[in-house]
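Q: Below you will find the structure I want to go over with you.
The values are calculated or read from the model by the stated rules, or taken from the named source; none is laboratory data. These numbers come from a predicted model, not from an experiment. Using ideal geometry, Cβ is built from the backbone for each residue, glycine included, and neighbour counts are taken over all protein chains shown. SASA here: full protein model, heavy atoms, side chains in, ligands and nucleic acids out. Shrake-Rupley method; radii C 1.70, N 1.55, O 1.52, S 1.80 Å.
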Amino acid sequence: LQRQQADALCLSQAWQRLRERLQALWDEPVTRARWIAHHAGSADLPVGALRLEGPTDWPAVEVDALVRRLRSRGAGEVRYVPDNRISAGFRLTGDHNRLDATLDGLLAERAALEGRLLARLAEVPR
């Protein structure tokens, strides 16, 4: 029971730190570029029009570069829609498909992520 309580406390603290760290990664141009490249590169894009959503303060030059990349991979028209609810990451929607690489989207599977964190904790001697 003590181990479970300690794990629960650790998960609670780790969850907040994970959000903060992911936000920090998005805030830095170099790691933001990796984030964009990873998720945009792994997406199976529909051939039609795409809606791209991201933070309102996302630099236009980066948005334009992503739009060009998506178009070079076969996307049709790509329309960027800033969303003040997104603080980090981006979301692509098209042809009834969605890639959610926003901070909230990446953290949506909380139970699975916590399971992975617990597995890592089990590897650490106490």
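Q: Placing +1 at every Lys and Arg Cβ and -1 at every Asp and Glu Cβ, with all other atoms neutral, what dipole size does segment 5-45 have around its Cα centre, in debye to the nearest 20?
A: Computed about the Cα centre, the dipole is about 80 debye.
Q: Find the percent of Cα-Cα distances in segment 1-45 that exceed 13 Å, and round it to a whole number.
A: 66
Q: Between residue 81 and residue 6, what is 0.36 nm times their sequence separation minus the Cα-Cα distance? Round to one decimal in nm.
A: 22.7 nm
Q: Something else: Taking all protein chains as present, what is the carbon and sulfur share of the accessible area of the chain, in % to the nearest whole number, probe 1.4 Å?
A: Exposed carbon and sulfur together represent 52 percent of the surface.
Q: Moving to a separate point now. How much mean residue ellipticity at 222 nm does the chain get from its helices, if each DSSP H run of length 4 or more adds -39500 (n - 2.57) and you divide by all residues, to the nearest 500 deg cm²/dmol?
A: Using -39500 (n - 2.57) per qualifying helix, the result is -18000 deg cm²/dmol.
Q: Then there's this: How long is the chain along each principal axis, judged by its Cα atoms, biggest number first, in Å?
A: In descending order, the Cα extents are 55, 27, 23 Å.
Q: Quick check: net charge around residue 15, other residues with Cβ under 9 Å of its Cβ, Lys/Arg +1 and Asp/Glu -1?
A: Net local charge, residue 15 excluded: +2.
Q: According to a simple spin-label model (label point 7 Å from Cα along Cα-to-Cβ), what is the distance in nm between residue 107 and residue 61?
A: Here the modelled spin labels are 3.0 nm apart.
Q: For the pair residue 31 and residue 118, how long in nm is the line joining their label points, each one 7 Å along Cα→Cβ?
A: 2.7
Q: Here is a further query. Keeping every protein chain present and rolling a 1.4 Å probe, give me the accessible area per residue for the chain in Å².
A: 65
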